[in-house]
Each structure stands twice: as structure tokens, then as C-alpha cells.
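Q: Take this structure first; my questions come after.
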Amino acid sequence: MRPLISIVIPVCNDAETIEAALESCLAQTMTDIEVICVDDASADASAEIVENVARRDHRVRLLRHSTNLSALQARRTGVQAARADHLLFLDGDDELTPEAASAALQRARRTDADLVGFGVTVIGADGNSGGRYERRLQPRHRSLREREVLIGLFPIDQPADGQLWRYLFRTDLLRRAHALLPDDLVLLRVNDLPVMFLTAALATRYVSMPARLYRYHLGRGGSGHRVDSLDRARFYTSAITSIDSISDAVGALALASRDTDLVLDSYASARRWIIAYVCHQLLEKSDSDVVDDALSELWTHADVTEVAQATARFFPDSLTTLQRHVPSLDISGCSTARGGGTAAARSRAQRVALHLGRSLLRVIPGLRPLAHRARRWLRVE
């Protein structure tokens, strides 16, 4: 008999926490579930722990990657293997509450929603919960339809939160989103936001519930650590690579959409947030002997002016610190005004062409003079 919900867990070196994550799945009040663990070439005993649990509960399945392909591909493997029509994600160092599967599926069935958002409990290293980040992760909208889904989940000039574990999904919707990504794409950081953005752009019905069904352990992953080396800086800046990886897919969705401007503006805002957040982290977390090299690494992903404008919007207090490290930077023209909005006379094809052109510039910076001429021709402000 097919399960009612598939729970997909990407696993990589989670030996200390994976058993607790699995036990939270097996403790679900809904018993008709499957738990798909995708081991992404762990170097510890993670896979063996999963195997031991699978021996005593047939609902647990272990799939293996022979080489490390990132959590993006581990989740993708799990999505493709899922047998249920609805799917939850769980990280290997977090837990679900016992009623998570039952409550989320009941809400999805009652509303025929593609996406069901739910609350999250954020647990700090001291074991306490609460705080501003936890408040930010709670659902903001009770119900969204059609174009409202994307702009509701990725509002312009607001922090872009793309955690996949905050939602119950239609499995088919996730497969459609993954089909827009290259098969061999590997993303080291912020590897859930690209899929979440594409899913939100494809979804037509979203509902939420206030119940806190997910227990997120802050600080257990790779983020939140000091930037004490150039390698660590590259890890942080790879978040921009992640958002850039869906640029072509976003262009295709925008061209096919009746709301071209909405799709492109929402994506541009999410990208600005990622750039600003990375800059803020590098300035705040870098050791003094690393910060300049870390910023130099950032310039390989976004130019100085672009970083300054994004920082002005989301972290204006960091602008003066940024200027101390880049004395030539003129911050007088940086505005904290809201972005978005496009010239009414600009056609859908023009906007998409400009979007794709910017994507190309990130790969071939030498094309910038040609791009500037094209932008003047298209009367871009």
C-alpha cells in the first residue's frame, strides 16, 4: 500500500543526531508514512545508524550517493524516489513533532493546497527557544492563490526565507521544480532556497497553520561560524552562486507567466537579500586578518556597487563598515528605498532579455560594455 506522506531526509555526517531525527519520524501519529534517507557520502557512521533503524522499521529506506553531491541533490534523489503524493523534508539534525504529518496532510486535503506552511520552533545551543529568528519563520499568510503565492512567500525587499522544511508539498510540484534545474547542479550553501523559489512560482494554492510542527536546531549546520579562512569565506559567498543558479529557470518562468514583472522583481529582491546577508556576515564574522580577502572573494560574485546597494537596503548599519574596507566606495548614492517596480512601457520580452543578460554578465564580466549599450537602447533606468 502506498504511504500517505513521504519524509525525505538528506544525510551527511549526522551520526550524532540522525537517530533522534528518525525517531521523530517513527513517532508520528500517522503511521502510513515512508522515511527516505539519502546519505550523501557521509564520512561517519550516519549510514550505518540509518541501516540499523531500517532493520527494525520497514518504513525507513536508505539510498546512497557514492560521492558528495550536496543536500540539493540528496533531496532531489529523495523526491524522485518518493511514493506518496505529499512530502515533508527533515534535516538530519532536526526533528518533527509527533502530529506533523497528520496535521499538515489534513490541512492540505481540506483546502486542495499545493503548499502547506506551518510554524517552527527554533532551539538555540543553550536549549532555549524563541527570539526574533523564530518569529520570522512563522507563517505570515493564512491563504494565497495564483500570483499571490510567490509574492507572499518571497515579498519584495523583505528577507528571503527559503527553508524547505517549513512546508508540506505536493510531490509532483517538487518534481516540476527540480526539472528546471541542471541534473548535475551542486550547491554548497543556501541549497534549499532555489528549489523553494521555483516551487512558489509554480504553485497555485498555499495555506498555512500556526501549529509549530518542526524543531530546528540553530547552529548545528555549517552556518553561524567565524570566517577564519578564505575557504570559509568561499563557503559563505557560495550562497550567491545558489541564487544565481536558477536565473535561467526564472527567466523561462517569467516569459511564460502573465506576471513577468512580479516573477523577475521577486527574484531580484531575493538575490539582493542574499548578497546583503553575505556581505553583512563577512563584515561581522570575519577575523581581522581575513576580512579583506573575504570581501575580495565577494566581489567575484557581485560588483561593489551592487553589494553596497543591497547592503543599504537590508543592513544599512553595515555600510560605514563596508566603506572602511573599500575607501573608494561612495555610499552617498546608496538608498534604503524599496526596490521593485518597472517601467510600464517595457515589454515582457525586454525584461526577460535584460534578466538573462545580467545572468550572462555574472559568467562573462567582459560583456559589460555591450550590456550597458543594450540597456540604453532599452531605456533601462
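Q: Tell me yes or no: at least one residue of segment 114-131 is among the charged types (D, E, K, R) and modelled with pLDDT of 95 or more.
A: Taking every residue of segment 114-131 in turn, at least one turns out to be among the charged types (D, E, K, R) and modelled with pLDDT of 95 or more.
Q: OK, next. In segment 120-149, which residue that is touching a strand residue (DSSP E or B) at 6+ places or on another chain (Cβ under 7 Å) and charged (D, E, K, R) is farthest from V207 (Cα to Cα)?
A: E134
Q: Any chance segment 195-207 includes a residue that's outside the structural domain of D172 (by TED's automatic domain parsing), buried (at least 18 other Cβ atoms within 10 Å of the Cβ), touching a helix residue (DSSP H, G or I) at 6+ places or on another chain (Cβ under 9 Å) and under 23 Å from R166 (Cα atoms)?
A: Scanning segment 195-207, I find no residue that is outside the structural domain of D172 (by TED's automatic domain parsing), buried (at least 18 other Cβ atoms within 10 Å of the Cβ), touching a helix residue (DSSP H, G or I) at 6+ places or on another chain (Cβ under 9 Å) and under 23 Å from R166 (Cα atoms), so the answer is no.
Q: Quick one: in segment 1-18, of everything that is over 17 Å from L168 (Cα atoms) and within 20 Å of the chain's Cα centre (by Cα), which residue is surrounded by the most Cβ atoms within 10 Å (Cβ to Cβ)?
A: For segment 1-18, the residue satisfying everything is V11.
Q: Could you list, in sequence order, all residues of segment 111-161 that are on the phi > 0 side of the Ramachandran plot and touching a residue at least 60 places away in the same chain (Cβ under 8 Å)?
A: D112, D157, listed by residue number.
Q: Restricted to segment 65-83, and to residues that are surrounded by fewer than 20 Cβ atoms within 10 Å (Cβ to Cβ) and within 15 Å of D172 (Cβ to Cβ), which residue is farthest from the chain's Cα centre (by Cα)?
A: The residue in question is R83.
Q: Of H178, H225, which residue is over 18 Å from F118 (Cα atoms) and assigned by TED's automatic domain parsing to the domain that holds V120?
A: H178
The values are calculated or read from the model by the stated rules, or taken from the named source; none is laboratory data. These numbers come from a predicted model, not from an experiment. Counting neighbours? That spans all protein chains shown, and the Cβs are built from the backbone with ideal geometry, glycine included.
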